[in-house]
1. Pairs needed: first member in segment 161-177, under 17 Å from Ala314 (Cα atoms); second member anywhere, open to solvent by 20 Å² or more (accessible area, probe 1.4 Å) and basic (Lys, Arg); C-beta distance under 7 Å; at least 6 residues apart or different chains.
2. Conditions: (1) in contact with a Leu (Cβ under 7 Å, 6 or more places away or on another chain); (2) surrounded by fewer than 22 Cβ atoms within 10 Å (Cβ to Cβ); (3) part of a strand (DSSP E or B). Ala36 meets all but one. Number of the miss?
3. Name every residue in segment 13-32 that is in contact with a Lys or Arg (Cβ under 7 Å, 6 or more places away or on another chain) and either surrounded by fewer than 19 Cβ atoms within 10 Å (Cβ to Cβ) or basic (Lys, Arg) (or both), in order of residue number.
4. Restricting to segment 188-234, count the residues that are open to solvent by 20 Å² or more (accessible area, probe 1.4 Å), closer than 23 Å to Leu264 by Cβ and part of a strand (DSSP E or B).
5. For segment 152-164, state whether one or more residues are at pLDDT 95 or above and more than 23 Å from Ile212 (Cβ to Cβ).
6. Would you say Val131 is among the hydrophobic types (A, V, I, L, M, F, W, C), more than 13 Å from the chain's Cα centre (by Cα) and buried (at least 19 other Cβ atoms within 10 Å of the Cβ)?
7. Out of Val295, Val311, report the one residue that is among the β-branched types (Val, Ile, Thr), within 17 Å of Arg179 (Cα to Cα) and modelled with pLDDT of 95 or more.
8. From (1) in a loop (DSSP other than H, G, I, E, B); (2) in contact with a Gly (Cβ under 9 Å, 6 or more places away or on another chain); (3) open to solvent by 50 Å² or more (accessible area, probe 1.4 Å), pick out the condition that doesn't hold for Ala270.
Amino acid sequence: MYAITIPEPGGPEALVWAEVPDPVPSEGEVLVEVAAAAVNRADVLQRQGFYNPPPGASPYPGLECSGRIAALGPGVSGWSVGDEVCALLSGGGYAEKVAVPIGQLLPVPDGVDLAAAAALPEVVCTVWSNVFMVSHLRPGETLLVHGGASGIGTMAIQLGKAIGAKVAVTAGGPDKLARCAELGADILIDYREQDFVDEVLKATDGVGADVILDIMGAKYLERNVRALAVNGRLAVIGLQGGAKGELNLGALLTKRAAVTATSLRGRPAAEKAAIVAAVREHVWPLIAGGRVRPVVDRTLPLSDAAEGHRVIEASTHVGKVLLTA
């Protein structure tokens, strides 16, 4: 088969379309013939040499894909050759075939075409695990989403609205904010022109956000704590603004607030399977019912993954960038 390889870390040109050995499904795995994969910032970090795959994972980038089951490994039941699926991966999505543990497989939701389904697993599992399983967002609460026009952001807006929360977003410029509004965002904050702490407090009559989903890390840490409501929950899932910041524990104590930081790729298989099962139970019906949908900015050939990385790094997209095999 062919896959996108990274012989040496570097810029987008470091991604090389090359012939590689076919994967063989192990116990409890299936072989998926890839229809499409999505580009994530984690893939960019891997290309740059900063985010290696966990031990035993495919060396090729790609944390989610869609396709058809081509073969069953030993001990697999409940799935058949030919089933249309999408999958949460530890790596290997940028390839014509990938081996996937069955605990990380999902059926393609009703009403979603096979390629577009590749835009779902990573973002839905990230949002559901952090906003709902960890931070316990409830109806009537306020959710602040940083990077509202990103793949994560567009999904967080929709899921927040689906459960009855008020959703605030930060994004760069009126065009991206308009797209966030189309998805249901209630409070629109241009981070280039406005202070999100002031805007969130103003929109909530001084209460603040009950849950904040943060991709920036250190750069936003102090302001995120100020923007939290009493009993608020800050979920850090990215470090685009740096890894080391100063945390005012006094402010956190006063608000009886919590800060959590998680990643998805390196979790044990059992934890990933539990998240995938929860997503199938709670989110797949919302997608089938038309209340939540994948947001796809553009689709490129898998062999042109370098262009997909350029788009992500330039932040000119809204939603997901897909690569079709």
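1. Gly172/Arg192; Gly173/Arg192
2. So Ala36 meets the others, but not (2).
3. Ala14, Asp22
4. So the answer is 2.
5. The answer is no, given that none of the residues of segment 152-164 is at pLDDT 95 or above and more than 23 Å from Ile212 (Cβ to Cβ).
6. Criteria not met by Val131.
7. Only one candidate passes the filter, namely Val295.
8. (1)
The values are calculated or read from the model by the stated rules, or taken from the named source; none is laboratory data. Here the structure is a predicted model, which means the values were calculated and not measured. FYI the Cβ positions are ideal-geometry reconstructions off the backbone, even for glycines, and counts take in every protein chain you see. Surface accessibility is based on the protein's heavy atoms, side chains included, excluding ligands, DNA and RNA. Shrake-Rupley method; radii C 1.70, N 1.55, O 1.52, S 1.80 Å.
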